[in-house]
Amino acid sequence: MHVIPAMARRKVKRALRRKLLSASQEDAAPLDTIQQSVLARLRRIEGQVRGIQGMVANGTDCRDILVQVKAVRSALKAANGLILKRYLLGCHKQARENPTSNDAVAKLDESMRLLSSYLDS
């Protein structure tokens with residue numbers, strides 16, 4: 001388990017609050033739209049990985065393969081960001097619908113732990 005300094009936790013909490021507030025004020029993209037975007041990205045990534053498999057099987061130059069692997073990693077990072085956005089918007093929506101609920105507070109705490117884990121990696 002990683003220990004996160006109090007200052008870093010406060011920064012993450014402030015950033016999360018700003019992000020969630022701005023998302024609710026801007027009527028952020030519906031969760032379905034984000035889900036469709038993630039699925040489209042994952043299908044594209046799947047095609048890229050199949051292409052890399054073919055390159056390896058055909059004995060393509062390693063440099064070319066590495067370029068493609070880097071592209072897949074970048075695409076996964078982007079998909080990961082969208083998945084995280086969808087998760088946070090869902091948690092935030094739940095918290096806004098019932099702000100006094102202990103469950104809402106627990107969801108936001110869970111979001112903080114999740115974000116913190118991404119900051120550590």
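No value in this document is a laboratory result; all are computed from the given coordinates. Since the structure is predicted, the reported quantities are computational estimates derived from the model, not experimental observations. Cβ atoms come from the backbone with ideal geometry, glycine included; neighbour counts cover every protein chain shown.
Counting other C-beta atoms within 10 Å, which of LEU39, LEU76 has the fewest, and how do the rest follow?
Ordered by Cβ neighbours within 10 Å, fewest first: LEU39, LEU76.
Cα-Cα over 25 Å: which of LYS11/LYS85; LYS11/LYS70; LYS11/LYS93?
Working: LYS11/LYS85 18 Å; LYS11/LYS70 30 Å; LYS11/LYS93 22 Å.
In this structure, LYS11/LYS70 lie more than 25 Å apart at Cα.
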